[in-house]
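Read through the structure below, which is laid out as structure tokens, and then see the notes.
The values are calculated or read from the model by the stated rules, or taken from the named source; none is laboratory data. What you see is a predicted model, and the numbers here were worked out from it, not measured in a lab. Here the Cβ positions follow ideal geometry from the backbone for every residue, glycine too, while neighbour counts run over all protein chains shown.
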Amino acid sequence: MDIEAKLQQVKERFDEVTTAMSDPAVFDDPDRYTELTKEHSELKDLVEDYERWKSINKQIEGNQELIDEGDEPEITEMAEMENEELKPELEQLEEQIKYKLIPKDPDDSKNVIVEIRAGTGGDEAAIFAGDLFDMYRRYADKMSWKQSVMSLSESDKGGFKEIVFNLEGNEVYGKMKYESGVHRVQRVPDTETQGRVHTSAATVAVLPEAKDVDIDINTADLRIDTFRASGAGGQHVNKTDSAIRITHEPSGVVVECQQERSQHQNKEKAMIMLRSKLYEMEEERLRKERAEERKSQISTGDRSAKIRTYNFPQSRLTDHRINLTLYNLDDIMKGDIEEVIKALRVQDNLAKLNAVMEG
């Protein structure tokens, strides 16, 4: 489908929404009115671009007619000069329009819960899980995001068997969603006496933080247990049963939080984790129903899929989804992952745009 046909569709939908908003009955349904107002606002910008696009095209066509006639050299020259100015403007406008046609992911603006788990590789996998956490912590600092640990299980030799943390800020899920999957590391462990390179892995899961309005939970379906917190957290950890474990019995999902000082705070955070997990399960179900759409989205791959390799001897990072290879691994491990995320977003947007234009 060409850009004009797509824009005509947008214009028709804009007219439908405008008509719907003028129906007196819509004022009796505040949610519907809010929904229409939001869509109207989003489409208005594109419709204005469409009108501008048509106007420039009309000017170019008019000038081309004058050029083809070629009756008066002066007028022909002016028409040619004007088209030389208008054509780059049209190209720029078309690029702008294409970007706006990409469907927005409503979850992009949400905060996230990130789970990192040591995979194959024993102690070295746990150490690498700790390195990944440190990389994301530093990246979050660069992005001015707020971070807080929700649950962790430390490894005897360093790092984590598992760590769950929350990131809050601007467009967090929009950037972090590309991190879900298996991260593989190739390096010589500190314990290796022969200098051999070992391969280990850690799994990262990034969940958009779900609010009450996103997912409805029946409290009768919950089993809530308290237990004594262990590990990091200060003097209080071994004195009170402040840690919380919540089991959602219909789905079997279990979450726990032990990092806060009070049982109430831990329960609050555990409920956020539970809602987010149930929301993600529902989203995954919907993604499977829309199989063709899922194929075009880099961000929603199988969590068991190997997405990235960190090769320390060669200071190389390879993202297997887009065949991106960089040789600044030290900087990346210090939180400089914006280049990788930007490349993934561009590729994802191109796939989404192709799907839009084909549709």
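Is it the case that the range 78-91 has a residue that's loosely packed, with under 15 Cβ neighbours inside 10 Å and assigned by TED's automatic domain parsing to the domain that holds residue 352? No: zero hits. Test residue 196 against the criterion of being among the basic types (Lys, Arg), under 27 Å from residue 342 (Cα atoms) and in the same structural domain as residue 264 (by TED's automatic domain parsing), and give yes or no. Spelling it out, it is not the case that residue 196 is among the basic types (Lys, Arg), under 27 Å from residue 342 (Cα atoms) and in the same structural domain as residue 264 (by TED's automatic domain parsing). The number of residues in the range 140-173 that are part of a loop (DSSP other than H, G, I, E, B) and not basic (Lys, Arg) comes to 10. Exactly one residue out of 67, 113 is touching a helix residue (DSSP H, G or I) at 6+ places or on another chain (Cβ under 6 Å), of a type in the set (Val, Ile, Thr) and not in a helix (DSSP H, G or I), and it is 113. Listed by first and then second residue, the pairs linking a residue in the range 7-29 that is in contact (Cβ under 8 Å) with a residue 12 or more places away in the chain to a residue that is assigned to a helix (DSSP H, G or I) and of a type in the set (D, E, K, R), with Cβ atoms under 6 Å apart and 6 or more places separating them unless they lie on different chains, are 17/39. Of 134, 108, 156, 141, all but one fail to be touching a Phe, Trp or Tyr at 6+ places or on another chain (Cβ under 6 Å) and surrounded by fewer than 17 Cβ atoms within 10 Å (Cβ to Cβ); the exception is 108.
The residue of the range 16-28 that is surrounded by the fewest Cβ atoms within 10 Å (Cβ to Cβ), among those that are in a helix (DSSP H, G or I) and among the charged types (D, E, K, R), is 28. Entry remark, the range 161-179: residues being among the charged types (D, E, K, R) and buried (at least 20 other Cβ atoms within 10 Å of the Cβ) number 3 in total.
Step by step: first the residues of the range 92-105, then only those that are charged (D, E, K, R) and within 17 Å of the chain's Cα centre (by Cα), then the one that is surrounded by the most Cβ atoms within 10 Å (Cβ to Cβ). Which residue is that? Filtering the range 92-105 for residues that are charged (D, E, K, R) and within 17 Å of the chain's Cα centre (by Cα), the one surrounded by the most Cβ atoms within 10 Å (Cβ to Cβ) comes out as 105.
For the range 51-63, the condition holds for at least one residue, the condition being that it is acidic (Asp, Glu), under 38 Å from the mean Cα position of the chain (by Cα) and not assigned by TED's automatic domain parsing to the domain that holds residue 353.
Is it the case that residue 149 is in contact (Cβ under 8 Å) with a residue 12 or more places away in the chain and over 25 Å from residue 269 (Cβ atoms)? Here the answer is no, as residue 149 does not meet what is asked. Among the residues of the range 172-204, those identified as at pLDDT below 90 and either touching a strand residue (DSSP E or B) at 6+ places or on another chain (Cβ under 9 Å) or under 16 Å from residue 139 (Cβ atoms) (or both) are 189, 192. Checking every residue in the range 146-166 against the condition of being more than 24 Å from residue 274 (Cβ to Cβ) and hydrophobic (A, V, I, L, M, F, W, C) gives zero matches. Looking at this structure, is residue 16 within 30 Å of residue 76 (Cβ to Cβ) and among the acidic types (Asp, Glu)? Considered against the rule, which asks whether it is within 30 Å of residue 76 (Cβ to Cβ) and among the acidic types (Asp, Glu), residue 16 comes out as no. Residue 31 meets each of the listed conditions (1) surrounded by 10 or more Cβ atoms within 10 Å (Cβ to Cβ); (2) not in a loop (DSSP other than H, G, I, E, B) apart from (1). Restricting attention to the range 231-263, and to residues there that are more than 14 Å from residue 149 (Cβ to Cβ) and at pLDDT below 85, which single residue is surrounded by the fewest Cβ atoms within 10 Å (Cβ to Cβ)? Here the answer is 235. For the subset of the range 344-355 comprising residues that are surrounded by fewer than 17 Cβ atoms within 10 Å (Cβ to Cβ) and among the aliphatic types (A, V, I, L, M), which member is nearest to residue 171 (Cα to Cα)? Going through the qualifying residues, I end up with 346.
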